[in-house]
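Before any comments, here is the structure.
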Amino acid sequence: MRRAMTSEKLAAVILAAGKGTRMKSDLPKVMHKVANRPMVQHVLETVRSLGPDRVVIVLAPDMDPVAELVKPARVAIQSPARGTGHAVMAAREALADALAPSGTAETVLVVTGDTPLLTADSLARLVAERRRAPEAAVAVLAMRPDVPGSYGRMVTGADGALEAIVEAKDASPAEREIPLCNAGVMAIDARLLFELLGEIGTDNAQGEYYLTDIVAIARRRGLPCRFAETSAEETHGINSRADLAAAEAILQGRLREAAMAGGCTMVAPHTVFLSADTRIGRDVTIGPFVVLGPDVVIEDGAEILSFSHFTGARIGRGAIVGPFARLRPGAELGPEVHIGNFVEVKGSRIGKGAKANHLTYIGDSEVGERANIGAGTITCNYDGFFKEKTVIGAGAFIGSNTALVAPVTVGAGAITGAGSVITRDVAPDALAVERAAQVEKPGAAAAFRERRRREKEARAKKSS
Ligand code: UD1
Ligand code: MG
């Protein structure tokens, strides 16, 4: 992540105490995930990349999981939630010693916790806009969405400067026609913030303390207010599940583009799903319909074939995985490993050049270099009570349909016969076979067929 995008001294407040009623969820709104990362974490990481002196996040009293997630950011509790202005007031104590004149922060950046697509560039531009001479009391991030809907409208004066923000519910029909909207981010002069907030009231359609009212209050005092514009896409706010899905689509687009820019070939990018933390090397090829859950690393030159699904996995250089492969947490594939169709790997390290190409489950195992795991091999790692480990030595050859009952070790270079149930350790270079000896009766098949054919004829006669 890029650091120190601005040399300005900043403190930041992230607002996340709202109920998020429109999500119809038991989970706090900001914990809903976009690209497998809670939206508040997206906002927090973007804010942190600006290097603020302090970050305060405003939460409701029952949001301990959020407080845990955002550590070491300071948490301020707002109770009850009485609007965005009221939320910033709740952060007063947690901010106080960081702000000028007692601290060094000259700008307070207020960001809503439900805009996970914000970029650090836009935040830095907004802060710069506020600081530009003559310094503004408030600078607001603005955008022009296709459907302004419930966003606050930005009222500008003849000179184009910002005069007020009117919430959609309080707007006159003429104000509703204003295309310029409040994206939910403000940069405010740290010395003026609480003074301006002290003047806001609740005389509005929602009976709330609107943070947005500080613009008109500053203007009444003759203080300049301005805005910096950014794309509507980036400032997409999440208030419903449909908004969440739209944000997911936008972020997936960004992640795919970044992966391709980094040297990954995607045959059908719109069918590949990534996570915010996915790491992909150079010359990686990803086929259609691949899903990468959280915590996946794909090293240079690896090839991922279609319909594969990975979570918590590392894929080594030049490995070939899929189609239809499933890698679960703790799957660590070394360089040039081959994992083929309908193979599942969990909690296992697979050594360089080892292969498991068909219909196999490898769980809680250690597989040595160049080992070959035959089709249908299963590590029986769980007896209903304990998970046990399987060790397969370097160059071992596991015959098709072997069941390896853990804990068990197959030594380096050993072979297991197809269909064996291996319950005891196999010494290096030994051949272990566990199945009944094959019996052969010459001519017995022909004799059987002849006997049954006669029986069938006899029954047919009887019934006619
Ligand atoms: C707000 C803005 C609106 C802007 C839009 C951008 C106000 C009054 N309105 O509206 O101008 O266009 O964001 O997305 O600021 N929150 C609290 N405590 C509260 C209320 C809200 O912490 O008492 C938090 C919420 O958790 C949320 C954020 O503030 O993260 C914004 O609240 P929300 O209710 O979504 O405001 P909008 O109606 O979207
Ligand atoms: Mg909102």
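The values are calculated or read from the model by the stated rules, or taken from the named source; none is laboratory data. From a predicted model like this one, the values you see are computed outputs, not experimental measurements. Quick reminder, even Gly has a Cβ in these numbers, built from the backbone with ideal geometry, and neighbours come from all protein chains shown.
Looking at 201, 222, 287, 253, can you tell me which residue is among the small types (Gly, Ala, Ser), at positive phi and at pLDDT 95 or above?
222
Give the number of residues within the range 198-227 that are within 26 Å of residue 159 (Cβ to Cβ) and either buried (at least 18 other Cβ atoms within 10 Å of the Cβ) or not basic (Lys, Arg) (or both).
Residues in the range 198-227 being within 26 Å of residue 159 (Cβ to Cβ) and either buried (at least 18 other Cβ atoms within 10 Å of the Cβ) or not basic (Lys, Arg) (or both): 18 in total.
I'm trying to understand the selection: among the residues of the range 228-245, which are surrounded by fewer than 16 Cβ atoms within 10 Å (Cβ to Cβ) and away from ligand 2 (no atom under 13 Å from the Cβ)?
If the condition is that a residue be surrounded by fewer than 16 Cβ atoms within 10 Å (Cβ to Cβ) and away from ligand 2 (no atom under 13 Å from the Cβ), then 231, 233, 241, 242, 245 are the ones that fit.
Considering the range 220-266 alone, what residues qualify as being assigned to a loop (DSSP other than H, G, I, E, B) and of a type in the set (S, T, N, Q)?
Within the range 220-266, 230, 231, 235, 239, 240 meet the criteria.
It is to be established whether one or more residues within the range 185-198 are among the aliphatic types (A, V, I, L, M), touching a residue at least 24 places away in the same chain (Cβ under 8 Å), closer than 19 Å to residue 238 by Cβ and within 14 Å of ligand 1 (Cβ to nearest atom).
Checked the range 185-198: at least one residue is among the aliphatic types (A, V, I, L, M), touching a residue at least 24 places away in the same chain (Cβ under 8 Å), closer than 19 Å to residue 238 by Cβ and within 14 Å of ligand 1 (Cβ to nearest atom).
Okay, residues lined up against (1) of a type outside the set (Gly, Ala, Ser); (2) within 16 Å of ligand 2 (Cβ to nearest atom); (3) in contact with a Ser or Thr (Cβ under 9 Å, 6 or more places away or on another chain):
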residue	(1), (2), (3)
118	yes, yes, yes
125	yes, no, yes
150	no, yes, no
153	yes, yes, no
159	yes, no, no
163	yes, no, yes
168	no, yes, yes
176	yes, no, no
180	yes, no, yes
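Does residue 12 satisfy the condition of being under 18 Å from residue 115 (Cβ atoms), in a strand (DSSP E or B) and in contact (Cβ under 8 Å) with a residue 60 or more places away in the chain?
It is true that residue 12 is under 18 Å from residue 115 (Cβ atoms), in a strand (DSSP E or B) and in contact (Cβ under 8 Å) with a residue 60 or more places away in the chain.
Every residue, every condition in (1) free of Cβ contacts under 8 Å to residues at least 40 places away in the same chain; (2) within 16 Å of ligand 2 (Cβ to nearest atom); (3) closer than 14 Å to residue 118 by Cα; (4) part of a helix (DSSP H, G or I), yes or no:
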position: 45; (1), (2), (3), (4): no, no, yes, yes
position: 52; (1), (2), (3), (4): no, no, no, no
position: 67; (1), (2), (3), (4): yes, no, no, yes
position: 72; (1), (2), (3), (4): yes, no, no, no
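What is the residue count in the range 75-108 for residues that are on the phi < 0 side of the Ramachandran plot, of a type outside the set (Val, Ile, Thr) and within 16 Å of ligand 2 (Cβ to nearest atom)?
Going through the range 75-108 one residue at a time, the tally reaches 6.
Could you please give the count of residues in the range 203-242 that are hydroxyl-bearing (Ser, Thr, Tyr), within 11 Å of ligand 1 (Cβ to nearest atom) and farther than 16 Å from residue 163 by Cα?
Result for the range 203-242: 3.
For the condition over 23 Å from residue 32 (Cβ atoms), acidic (Asp, Glu) and within 16 Å of ligand 1 (Cβ to nearest atom), what is the one hit in 129, 177?
177
Limited to the range 191-202, what total is found for residues that are in a loop (DSSP other than H, G, I, E, B) and either hydroxyl-bearing (Ser, Thr, Tyr) or under 16 Å from residue 87 (Cα atoms) (or both)?
Count: 5.
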